[in-house]
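We did not get these values from a lab; they are worked out from the coordinates using the rules stated. Note that the coordinates shown come from a computational prediction; the quantities given were computed from them, not determined experimentally. Because the Cβ atoms are built from the backbone with ideal geometry, glycine has one as well, and the counts that use them run over all protein chains shown.
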Amino acid sequence: MARIIGALTSSHIPSIGNAISNGKQQDAYWKPFFDGYQPVLQWLDAQQPDVAIVLYNDHGLNFFLNNLPTFAVGAAQEYITKDEGWGLPVFPAYHGYPEMSWHLIESLIEQEFDIAMCQEMAMDHAFINPMRLFWPNENPPKIKTIPVAINTVQFPLPRPARCFALGKAIGHAVASWPTDEKVVVIGTGGMSHQLDGERAGFINKKFDEMCMEALLNDPERLARYSALDLVREAGAQGAEIIMWLAARGALLGNVSKIHSSYHIPISNTAAGVLAMANQ
């Protein structure tokens, strides 16, 4: 059967993509951020996962405010990329895995998650930038991908506890897949930030550090927050941490820390990466 070998969580700030494209990894502003990913790249190189399930939030390429599912799973042969307005380059399509996607969809429905099924999806910076960070030398990487879109844009947002439960359901679904494959679950977004309104530029380092510790050792602590609690503590867009929580939920075994890094600010956003192994 397939097994989840770990979870990776990463910020997906649009300017990351432009920094990569313009070769700014060694610039003084960017170097601490990119250096924080090196131990994770080494782990990925050693593990060589076959499949990446990517939990991200769509920014208007597939859904908009008038038609926005809480959870949606891609089931396409490939996933094209598009720029939703940040000036990011368009890349070759990412490889899909429709057979496992449909298994995941059917399993989630059996576990009482009523999700949208997408046989066509376009990927934006929330998917692309973490993939470029984790596989910087492959475009696209050979790994097969399954995107899972989670609504963090239009209220009401899903409760953190529901996202944690979604992650657990994904973990059970992968465990029942008959082929012996290694799967990594990626949660994107965050950390604390607010892009508009009276609190534009808001960052909460103390809360971010608590989140990273809780994800490792006490994820139920984060699951007890409400969506509004997350907005209050992490900013309107900082509620994206629910995708990190969902990724953590997919780890059903004993969890150990591979690496973490935290850096502020990147484009008025707290940026972090956390890698966890599933024993």
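For the chain, the longest stretch holding no chymotrypsin sites (Phe, Trp or Tyr not before Pro) located in a DSSP loop with at most 14 other Cβ atoms within 10 Å is which?
Numbers: sites that count: Tyr29, Trp86.
Answer - 87-279.
Distances between placed amide hydrogens fall under 5 Å for Glu78 paired with Gly96, all partners being 5 or more residues away or on another chain. P(r) tail for region 3-278: Cα pairs beyond 23 Å make up 47% of the total.
Sorting Asp50, Asp45, Asp208 by the number of Cβ atoms found within 10 Å of their own Cβ, with the fewest placed first, yields Asp45, Asp50, Asp208.
Counting alpha carbon pairs within less than 8 Å and at least 6 residues apart, what relative contact order, in whole percent, applies to region 3-278?
Numbers: 610 pairs, mean separation 84.5, N = 276.
After rounding, I find 31 percent.
Taking the Cα of Gln279, stepping 7 Å toward and past its beta carbon, and measuring to each backbone N in region 15-44: which are under 20 Å? Answer for region 15-44: 40, 43-44. In a DSSP loop and with at most 16 other Cβ atoms within 10 Å, the trypsin sites (Lys or Arg not before Pro) in region 155-245 are Arg199, Arg224.
With the simple spin-label model, which puts each label point 7 Å out from Cα in the Cβ direction, the Ser267 to Asp196 separation comes to 1.6 nm. Computed from the Cβ-Cβ distance with R0 of 30 Å, the FRET efficiency linking Glu120 to Asp180 stands at 0.55.
Within the set Lys82/Lys257; Lys182/Lys257; Lys82/Lys205; Lys168/Lys257; Lys144/Lys205, which residue pairs have Cα atoms separated by over 25 Å? Pairs exceeding the cut-off: Lys82/Lys257; Lys82/Lys205; Lys144/Lys205.
Which is the longest run of the chain containing none of the GluC sites (Glu not before Pro) found in DSSP loop states (not H, G, I, E, B) with at most 10 other C-beta atoms within 10 Å?
Values: sites that count: Glu112, Glu198.
By the stated rule (loop sites, at most 10 other Cβ atoms within 10 Å), 1-111.
Put in line by how crowded their Cβ is, counting other Cβ atoms within 10 Å and starting with the fewest, Thr145, Thr269 read Thr145, Thr269. Proximity of backbone amide H atoms, modeled 1.01 Å from N, is registered between Ile146 and Ala52, Ile53, Val54 at under 5 Å, excluding neighbours fewer than 5 places apart on the same chain.
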